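J.: Attaching a single structure in structure tokens format; questions to follow.
The values are calculated or read from the model by the stated rules, or taken from the named source; none is laboratory data. All figures in this text were calculated on a predicted structure; none of them were measured in a lab. Cβ placement follows ideal geometry from the backbone for every residue including glycine, while neighbour counts extend to all protein chains displayed.
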Amino acid sequence: MTYESAPGMPEHGQHVTGQVVERPQSVSLAQKLMYGGAAVTLVSGVLGLFGDKDALREQTRKQLEAAGQAVDDATLDSALQIGLVTGVGVMVVSVVLWLLLGWLNGRGVGWARIVATVLGILGVLSTVVGLAGSAILPGGAAGGALTMALSVLTGLIALAVVILLWRPDAGRFFAAHKQR
């Protein structure tokens, strides 16, 4: 008794029927914007590392005092170190997520579109809350106008990515890749 060999898996970019599924322009643009989001996040993080240390120290002191905590130099140094380590960690994870989700969405991975959407919406909301906070609290924007501009740019990129990933042509692209 002989058996036929099992059919091979379709190549990347091919539908089950063998037809090539081209990546639509909206997904390509979303992918490029995600790579741009990674770059903006990296620049923003690096600028934060080399920002005005004295101003950051004073702002941290004021925030700790406003929270009712006794502030001495050791407490202040500890808070600044924790903030630095946390900031670097968040920056690295953010850059990796932008890059990974850009790559996966460009390949038509459906769950990556959902994750990018959730993170994008959270990013937009974070930007709005940050803008509102800096408008309400004097000196609320650590790093000043440049940091705020980069934050707004990142939020706008996230919004554009979400819109592009849910266009009808993008939906057909992800649906075709889901059937592979």
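J.: Quick test for you: out of Gly68, Gly108, pick the one residue that is outside any helix (DSSP H, G or I) and closer than 25 Å to Ser28 by Cβ. Talk me through it step by step, then tell me what you get.
T.: Working: Gly68 fails: closer than 25 Å to Ser28 by Cβ.
Only one candidate qualifies: Gly108.
J.: What do you reckon, is Leu97 of a type outside the set (D, E, K, R) and either closer than 26 Å to Ala30 by Cα or crowded, with 17+ Cβ neighbours inside 10 Å (or both)? Even if it seems obvious, please write down each step before you answer.
T.: On the way: of a type outside the set (D, E, K, R): yes; either closer than 26 Å to Ala30 by Cα or crowded, with 17+ Cβ neighbours inside 10 Å (or both): yes.
Yes: the conditions hold for Leu97.
Table: residues versus (1) surrounded by 18 or more Cβ atoms within 10 Å (Cβ to Cβ); (2) under 13 Å from the mean Cα position of the chain (by Cα); (3) at pLDDT below 95; (4) among the aromatic types (Phe, Trp, Tyr).
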site	(1), (2), (3), (4)
Ala116	yes, yes, no, no
Ile121	no, yes, no, no
Val129	no, no, yes, no
Ala135	no, no, yes, no
Ala141	yes, no, yes, no
Leu146	no, no, yes, no
Leu153	no, yes, no, no
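J.: Let me ask another. Need pairs with beta-carbon distance below 6 Å; first residue at pLDDT below 95 and of a type in the set (D, E, K, R) and within region 85-100, second exposed (fewer than 14 other Cβ atoms within 10 Å of the Cβ) and in a helix (DSSP H, G or I); sequence gap 6+ or separate chains.
T.: Close Cβ pairs (under 6 Å, with a partner that is exposed (fewer than 14 other Cβ atoms within 10 Å of the Cβ) and in a helix (DSSP H, G or I)) do not exist here.
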